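S.K.: Following this message is one structure expressed as structure tokens.
The values are calculated or read from the model by the stated rules, or taken from the named source; none is laboratory data. A quick note: this is a predicted structure, and the numbers were derived from the prediction, not measured. Note that each Cβ is placed from the backbone with ideal geometry, even for glycine, and that neighbours are counted across all protein chains shown. Calculation scope for accessible area: heavy atoms of the full protein, side chains included, ligands and nucleic acids excluded. Shrake-Rupley method; radii C 1.70, N 1.55, O 1.52, S 1.80 Å.
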There are 2 protein chains.
Amino acid sequence: MANPIYVIGHQQPDTDAICSALAYARLKQAQGADVVPARAGAVNPETRFVLDRWNVETPTLIDDTAADRLILVDHNEYSQAVSGARDAEIVEVVDHHRIGDVQTSDPIFFRTEPVGSTATILTHLYNEADETIDTKTAGLLLSGLLSDTVLLRSPTTTETDRSIAKRLAETADVDREEYGKELLQQKSKLGEKQPREMVLSDFKEFEFGSNHVGIGQVETVEREVVLDQRNAILAAMDEIVSERDYAVLLLLVTDVLREESVALMAGGHAATVEDALDTSFTDREAFLPDVMSRKKQIVPPLEKNFS
Amino acid sequence: MANPIYVIGHQQPDTDAICSALAYARLKQAQGADVVPARAGAVNPETRFVLDRWNVETPTLIDDTAADRLILVDHNEYSQAVSGARDAEIVEVVDHHRIGDVQTSDPIFFRTEPVGSTATILTHLYNEADETIDTKTAGLLLSGLLSDTVLLRSPTTTETDRSIAKRLAETADVDREEYGKELLQQKSKLGEKQPREMVLSDFKEFEFGSNHVGIGQVETVEREVVLDQRNAILAAMDEIVSERDYAVLLLLVTDVLREESVALMAGGHAATVEDALDTSFTDREAFLPDVMSRKKQIVPPLEKNFS
């Protein structure tokens, strides 16, 4: 029997990836489509909190044996997609990242907007389709939006995100600030994590020219807890570089309240990275004032300098 | 001084490419953006008729010296874009073709839908922005829609196209059938064209794997007028193949009233093409019943068989 069409976010899924898959699958189902929400990796503690809070079933974990027809949400690059995506038919895309390397034979529905979260665009799609957003779906969309924009503090946040967050919070019947802080606390439970896990739990891969680059990000309100383990983290990063043959591996440790980051580096090309980020590394560490967004503040300059 | 942002359709622009550039530039301007409508090639006789009929200025012809920042309409593949597009910043995309090879560093507004024309999607964008479509703009959008869907007869035509065409005709205050037939007649004025011009006037290039493929299309109500010149056309095609090093060059001669096509072929790979299109060529000519759409009925099977 043929596999269904899966609505699926990126590997190492974050809350926006999981909640967008759930919310978009629900919209497509309401429109009569036969789709199933899925995920390409383990659910992180923040997302676990969200799924429990809104009493929603965890999407199905799939791999290349099931990836025949995919609707990609919150990503549009094969290197970030579920295993098997390159051979699958990409049926639709809804995303808020840069345009990646997906190509299709047929025209499809492909929609990206430069906003703070995929959840924001999905709210547009519900509105355009005149489909009611129920309490539970509003809770999921709000969670994706607040998580990806770090409670509307990230520089990726737009006016659209702000007004949609307000409306979603009303529909979900929660206080936006209070609920957002509960979410952030989940994100910050880092004390228990192993160094390797810290690097890889919110991790993305890129091809810049012929350079394979990995960029992890830890968003925290307790930067010291992370940097206390700096040497163990750097050792884990070196290990990952040699396993995966990265040209560069960066870990952004982002203080979401102070709105600034510290970057740790493994691999080579220090000069290129320093030039791109307009900083200098001392002892493999650099301070990046005002940097909160990997997507907007790290990926574009790196891509330019590596190409 | 910096060049402005140009809203621009593909090379060898057709009516949808030109009218979409004009209509989207108008919408962006109404929203306060500083954009200029442009074109990447000569205006064909059908489009000339449209611009005269609605009393609209011809968009600026640009080349790589001006292509710094582009909004692409009606295409999203570099091989079809204005010269210089690969080095330009792609700021937005609105299109109804397959997903091509555009990549960006930053998130952008990128919107494709599987509908009959880019004009259809632009009508959505006007509605979503709550922007009024004036008589002139309705005339342009209707022209793009009717031209690309061959008066709503092409298999790419969707219910959305039909209902939007109805509303646009009302706003433009024209009889849809009558106006559409006037358009088709412009398309059919082929008697005066040189063979080379027939092949190249509605022409697209594709990269299928490592194969450079060109596909021209002539839409006509007078197939005989075209096929009377068959030997001269095939000679022109051979010439183009050797100039541009195509693996295959096809010319679809589409009878828009009988809703069928004849394909002429130059270059090699006959077996691959025959297998893809489920037909056989005799004397470099094949009959393709029910085939009207290059995009939907020719490109996908060719791409599959060549990859």
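S.K.: Per-residue Cβ counts within 10 Å, from other chains only, averaged over B:94-106: what number is that?
M.R.: Mean partner shielding for this stretch: 6.
S.K.: Beta carbons within 10 angstrom, averaged per residue: use that to sort the peptides B:249-262, B:153-166, A:172-185, highest first.
M.R.: Sorting B:249-262, B:153-166, A:172-185 by mean packing, highest first, produces B:249-262, B:153-166, A:172-185.
S.K.: To continue, here is another question. Calculate what fraction, in whole %, of the accessible area of chain A sits on carbon and sulfur atoms when a 1.4 Å probe is rolled over the protein chains.
M.R.: 44 percent
S.K.: On to the next question. With N denoting the number of residues in chain A, provide Rg(C-alpha) divided by 2.2 N^0.38 Å, to two decimal places.
M.R.: Dividing the Cα Rg of chain A by 2.2 N^0.38 Å gives 0.97.
S.K.: About its Cα centre, how strong a charge dipole does the protein assembly as shown have in debye, to the nearest 20, once Lys and Arg get +1 and Asp and Glu get -1 at the Cβ? All intermediate terms of the calculation are to be shown ahead of the outcome.
M.R.: Working: 60 positive and 108 negative charges, 94 e Å.
Here the size comes out at about 460 debye.
S.K.: Give me the one-decimal nm value for the distance between modelled label points at B:Thr282 and A:Phe281, 7 Å along each residue's Cα-to-Cβ direction.
M.R.: 6.9 nm
S.K.: Still on this model: Using a 10 Å cut-off around each Cβ of peptide A:109-117, what is the average number of partner chain Cβ atoms that fall inside?
M.R.: 5
S.K.: Per-residue ellipticity at 222 nm for the protein assembly as shown, helices alone: DSSP H runs ≥ 4 residues times -39500 (n - 2.57), over residue total, nearest 500 deg cm²/dmol? If you can, show how the numbers build up before the last one.
M.R.: Details: 22 runs with 236 residues, N = 614.
Helix-only estimate at 222 nm: -11500 deg cm²/dmol.
S.K.: Between the alpha-carbon centers of segment A:247-303 and segment A:2-77, tell me the distance in whole angstrom.
M.R.: Measuring centre to centre over Cα atoms gives 30 Å.
S.K.: Shifting gears a bit: When you count, for each residue, the other Cβ atoms within 10 Å and take the mean per peptide, how do B:11-20, A:292-301, A:107-116, A:27-36 rank with the highest first?
M.R.: Those peptides, ordered most packed to least, come out B:11-20, A:107-116, A:292-301, A:27-36.
S.K.: Using just the C-alpha positions of segment B:5-186 as equal point scatterers, what log10 of I(q)/I(0) does the Debye formula give at each q in 0.08, 0.14, 0.15, 0.18 1/Å?
M.R.: -0.21, -0.67, -0.78, -1.14
S.K.: For the protein assembly as shown, what log10 I(q)/I(0) values come out of the Debye formula at q = 0.09 1/Å, with one point per alpha carbon and no solvent?
M.R.: With one equal scatterer per Cα and no solvent, log10 I(q)/I(0) is -0.77.
S.K.: For the pair B:Val221/B:Arg167, report the inter-label distance in nm, with labels modelled 7 Å from Cα in the Cβ direction.
M.R.: Between B:Val221 and B:Arg167, the label points sit 2.9 nm apart.
S.K.: How many square angstrom of accessible surface are buried between A and B, both sides summed, with a 1.4 Å probe and rounding to 100? If you can, show how the numbers build up before the last one.
M.R.: Working: alone 13000 and 13000 Å², together 23750 Å².
Rounded to the nearest hundred, the buried surface is 2200 Å².
S.K.: May I pose another question? 7 Å along Cα→Cβ for the label point: how many nanometres lie between B:Gln103 and each equivalent label in the other copies, listed shortest first?
M.R.: Result for B:Gln103, in nm, nearest copy first: 1.2.
S.K.: Taking A:Ser280 in one copy and the same position in all the others, each labelled 7 Å out along Cα→Cβ, what are the pairwise distances from the first, in nm, shortest first?
M.R.: Spelled out, the distances from A:Ser280's label point are 7.5 nm.
S.K.: Moving to a separate point now. When the gyration tensor of segment A:85-242 is built from Cα positions, what are the square roots of 5 times its three eigenvalues, in whole Å, from largest to smallest? It would help to have the intermediate numbers written out before the result.
M.R.: Numbers: eigenvalues 184, 127, 27 Å².
They are 30, 25, 12 Å, listed largest first.
S.K.: Over the protein assembly as shown, what is the percentage of antiparallel beta bridges among all DSSP beta bridges, to the nearest 5?
M.R.: Of all bridge pairs located within the protein assembly as shown, approximately 45 percent are antiparallel.
S.K.: I'd like the FRET efficiency for A:Phe109 and B:Asp238, computed as 1/(1 + (r/R0)^6) with the beta carbon distance as r and R0 of 30 Å, rounded to 0.05.
M.R.: For A:Phe109 and B:Asp238, the calculated efficiency is 0.15.
S.K.: Return the chain A residue and its Cβ-to-axis distance, rounded to the nearest Å, for the rotation relating A to B.
M.R.: Nearest Cβ to the rotation axis, residue and whole-Å distance: A:Arg111, 3.
S.K.: For segment B:43-143, what is Rg from Cα atoms divided by 2.2 N^0.38 Å, rounded to two decimals? Working shown, then result.
M.R.: Working: Rg = 14.6 Å, N = 101, 2.2 N^0.38 = 12.7 Å.
For segment B:43-143, the normalised Cα radius of gyration comes out at 1.15.
S.K.: If the limit is 26 Å between Cα atoms, which of B:Lys28/B:Lys187; A:Lys296/B:Lys304; B:Lys166/B:Lys296 go over it?
M.R.: Among B:Lys28/B:Lys187; A:Lys296/B:Lys304; B:Lys166/B:Lys296, the Cα-Cα distance tops 26 Å for B:Lys28/B:Lys187; A:Lys296/B:Lys304.
S.K.: Give me the accessible area per residue for segment B:1-148, probe 1.4 Å, as a whole number in Å².
M.R.: Accessible surface, normalised per residue, equals 33 Å².
S.K.: Send over the Kirkwood Rh of segment A:186-270, from the inverse of the averaged 1/r over different Cα pairs, rounded to one decimal Å.
M.R.: 12.9 Å
S.K.: Under a Cβ-only charge scheme (Lys and Arg +1, Asp and Glu -1), can you give me the dipole magnitude of segment B:5-186 about the Cα centre, in debye to the nearest 20?
M.R.: Charge dipole, segment B:5-186, about its Cα centre: 280 debye, nearest 20.
S.K.: With a sphere of radius 13 Å drawn around the Cβ of A:Glu243, what net charge do the other residues whose Cβ falls strictly inside it have (Lys, Arg +1; Asp, Glu -1)?
M.R.: Details: positive: A:Arg196, A:Arg244; negative: A:Glu205, A:Asp238, A:Glu239, A:Asp245.
Neighbourhood net charge equals -2.
S.K.: Starting from a label point 7 Å past Cα on the Cβ side, list the distances from B:Glu243 to the same position in the other copies, nm, shortest first.
M.R.: Shortest to longest, the spacings are 5.6 nm.
S.K.: Then there is this: Antiparallel as a % of all DSSP beta bridges within chain A, to the nearest 5?
M.R.: Roughly 45 percent of the DSSP beta bridges within chain A come out antiparallel.
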